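The values are calculated or read from the model by the stated rules, or taken from the named source; none is laboratory data. Because the structure is a prediction, the values reported are computed rather than measured. Here Cβ is always computed from backbone atoms with ideal geometry, including for glycine, and neighbour counts include all displayed protein chains. Only protein heavy atoms, including side chains, enter the accessible area calculation; ligands, DNA and RNA are left aside. Shrake-Rupley method; radii C 1.70, N 1.55, O 1.52, S 1.80 Å.
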Amino acid sequence: MLNCRIIYPLYICALNHLPIHSLLAPLRAAFSRHAQVILEAPTGAGKSTALPLAMLDWPEISGRILMLEPRRVAARSVAHYIASCRQQKVGQEVGYRVRGESKISANTRLEIVTEGILTRMIQQDPELTGIEMIIFDEIHERHLTTDLGLALALEVQASLRDDLKILAMSATLSGLALGELMPEAVTLHSEGRSFPVEIEYRPVPTQQHWLDYLGRCVLDLVSASSASVDKMATNNAVLVFLPGKGEISRLQQFLRERLSHDAFLICPLYGELSGAEQDSAIAATTDGRRKIVLATNVAESSLTIEGIGFVIDSGYKRQASFNPKTGVTRLGLKRISQASATQRSGRAGRLSAGVCVRLWSQEEHGRMLRADEPEISQADLVSMAHNCAYWGAKSFSDLMLLTPPPSVNEALAWQLLQRLGMVDSHNKLTSHGKAAYELGCHPRLAHMLLGAKSLGAKISGQAAQLGSLACLLSGILEA
Ligand SMILES: Nc1ncnc2c1ncn2[C@@H]1O[C@H](COP(=O)(O)OP(=O)(O)O)[C@@H](O)[C@H]1O
Ligand SMILES: [Mg+2]
């Protein structure tokens, strides 16, 4: 586990001078009169760290604060950082809950959770007993489960808990219909705090595979900059954005064969890694080696990775898209959007001025999508429909969603739930649907698990084998 007590206190003073501090008084004033606030502040303002840290000392907040972070690695890292700023261990006043792991105690007042956890918490206790504030961080990322969490929280506030405070935060509000969804909300803006980043466009030559070229670019960058950056400089680390763990391990292998282990520390960073491996990618190196972090887009927002002064962006991401013709979701290699490229390059200017190399041309940049499409427009909606039914809604139009889904995708999701016997012909949850929801996995897998259990009970002696086979299969498929 990251030894935060050694590193973090150095930053406590820095947190006191962040732009968000000028907004704390207006924010308190806004919450004294309104239950909803929308906050727009560019990256580095202190939204994810300094703001919830300050709230812990507001006497008017006596209940718990829940803060939603879209990614597990960010939830854990932000919780560790805020806890260390209060000179505590995580799990005391500041804790986190992500799928399969939690560090909270009876004293926890600020709980950082990921999206699935938030929707389950609301579904299990719609009165949200003891919770006084929900903060939606990175609301512009528009993950399906964040949209759902916000819809459920708004409904709880409107029907059961008019004292519940909701804060929606974003680095950019452009294109977000938040004002329509929360017409009573006060909107506040602040400056960000980041440093200039020099952008260099280096398109991949036509004869070369982009990953080979990327490997060469990393070698060029570290050798060209090794003369100009001080070995002990705090901002000499390199962050490389790649689409997925396959490309990460190939590049890791390529670099390991060519760079000295004594001079370079190569750290992969993606969602499925263990907490300790993620921590070592995020923490500063203490042995003078230069760090090269090979990351997926988990490093695109929320995280502050120690010492990054250089970013190399492949321009790719791996994304799931649902095909309504086949009913199948496929992971594919996609070009990122301009908004994503800006976020990625901004990582080089988080702690000081930096450099970003983009593996595409400036002309191509102009042709990239301006912003990512929200997940609700392209995802499989079966789990969402299942959540909707558990909530007692019979159509997505009953929920306060930022964007409606494509109607064909919604219809397919309800049809599948009906075929699985999880909802009736009016989309009302059945007892089978309820039992499946409580298992916490995708409805298809939950159906298999419940089916194996009941079938096993009918065939004597087979119950244990069928049940464990189904558990094994769903574990592999959900991993
Ligand atoms: N884990 C961390 N390690 C070191 N500094 C951090 C860390 N997290 C945040 N900071 C400091 O706090 C500043 C604000 O970060 P953050 O609250 O994440 O901003 P925002 O959410 O508005 O983008 C960063 O620029 C950095 O100086
Ligand atoms: Mg943030």
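If you scan the stretch 119-146, which residues turn out to be away from ligand 1 (no atom under 16 Å from the Cβ), modelled with pLDDT of 95 or more and within 24 Å of P42 (Cα to Cα)? Within the stretch 119-146, M133, I134 meet the criteria. Remark: pairs (first residue in the stretch 456-479, at pLDDT 70 or above; second residue open to solvent by 70 Å² or more (accessible area, probe 1.4 Å); Cβ separation under 7 Å; 6+ apart in sequence or on different chains) = G456/Q462; L466/L455; G467/K453. Scanning the stretch 389-416 for residues that are in a helix (DSSP H, G or I) and open to solvent by 40 Å² or more (accessible area, probe 1.4 Å) returns Y390, W391, S397, D398, S407, V408, A411, L412, Q415. The single condition among (1) open to solvent by less than 30 Å² (accessible area, probe 1.4 Å); (2) away from ligand 1 (no atom under 16 Å from the Cβ) that K47 does not meet is (2).
For beta carbons closer than 8 Å, sequence separation of 6+ or different chains, a first residue in the stretch 44-61 that is farther than 21 Å from S170 by Cα and a second that is open to solvent by less than 20 Å² (accessible area, probe 1.4 Å) and within 16 Å of ligand 2 (Cβ to nearest atom), the qualifying pairs are I61/M55. Within the stretch 232-249, identify whether any single residue is free of Cβ contacts under 8 Å to residues at least 40 places away in the same chain, hydrophobic (A, V, I, L, M, F, W, C) and in the same structural domain as R350 (by TED's automatic domain parsing), and answer yes or no. The answer is no, given that none of the residues of the stretch 232-249 is free of Cβ contacts under 8 Å to residues at least 40 places away in the same chain, hydrophobic (A, V, I, L, M, F, W, C) and in the same structural domain as R350 (by TED's automatic domain parsing). Would you confirm whether any residue within the stretch 183-205 is part of a loop (DSSP other than H, G, I, E, B), closer than 19 Å to L154 by Cα and without any contact (Cβ under 8 Å) to a residue 24 or more places away in the chain? So far as the stretch 183-205 goes, yes, one or more of its residues are part of a loop (DSSP other than H, G, I, E, B), closer than 19 Å to L154 by Cα and without any contact (Cβ under 8 Å) to a residue 24 or more places away in the chain. Against the numbered list (1) within 16 Å of ligand 2 (Cβ to nearest atom); (2) in a loop (DSSP other than H, G, I, E, B); (3) surrounded by fewer than 23 Cβ atoms within 10 Å (Cβ to Cβ); (4) of a type outside the set (K, R), H17 comes up short only at (1).
Residue pairs whose Cβ atoms lie under 8 Å apart, separated by 6 or more positions or on different chains, with the first residue in the stretch 162-177 and touching a residue at least 12 places away in the same chain (Cβ under 8 Å) and the second among the polar types (S, T, N, Q) and more than 16 Å from ligand 2 (Cβ to nearest atom), are L164/Q157; K165/Q36; I166/Q36; I166/Q157; L167/Q36; A168/Q36; L173/T187; A177/T403.
Answer yes if at least one residue in the stretch 413-424 is modelled with pLDDT of 95 or more and among the small types (G, A, S), and no otherwise. Yes: the stretch 413-424 contains one or more residues that are modelled with pLDDT of 95 or more and among the small types (G, A, S). Within this structure, H386 passes the test of being under 27 Å from I476 (Cα atoms), at pLDDT 95 or above and in a helix (DSSP H, G or I). Sort through L178, L173 and tell me the only one that's within 16 Å of ligand 1 (Cβ to nearest atom) and either in the same structural domain as L401 (by TED's automatic domain parsing) or at pLDDT below 90 (or both). When all the criteria are applied, what remains is L173. Taking each residue of the stretch 15-39 that is in contact (Cβ under 8 Å) with a residue 40 or more places away in the chain and looking for partners that are within 13 Å of ligand 1 (Cβ to nearest atom) and in a helix (DSSP H, G or I) with beta-carbon atoms closer than 7 Å, six or more apart or interchain, yields L15/A50; L15/L53; L15/C85; L18/A50; I20/A50; I20/L51.
The number of residues in the stretch 264-278 that are open to solvent by 10 Å² or more (accessible area, probe 1.4 Å) and in contact with a Ser or Thr (Cβ under 8 Å, 6 or more places away or on another chain) comes to 4.
Assessment of the stretch 73-95 against the conditions (under 26 Å from E438 (Cα atoms), in contact with a helix residue (DSSP H, G or I) (Cβ under 7 Å, 6 or more places away or on another chain) and within 16 Å of ligand 2 (Cβ to nearest atom)) yields at least one matching residue.
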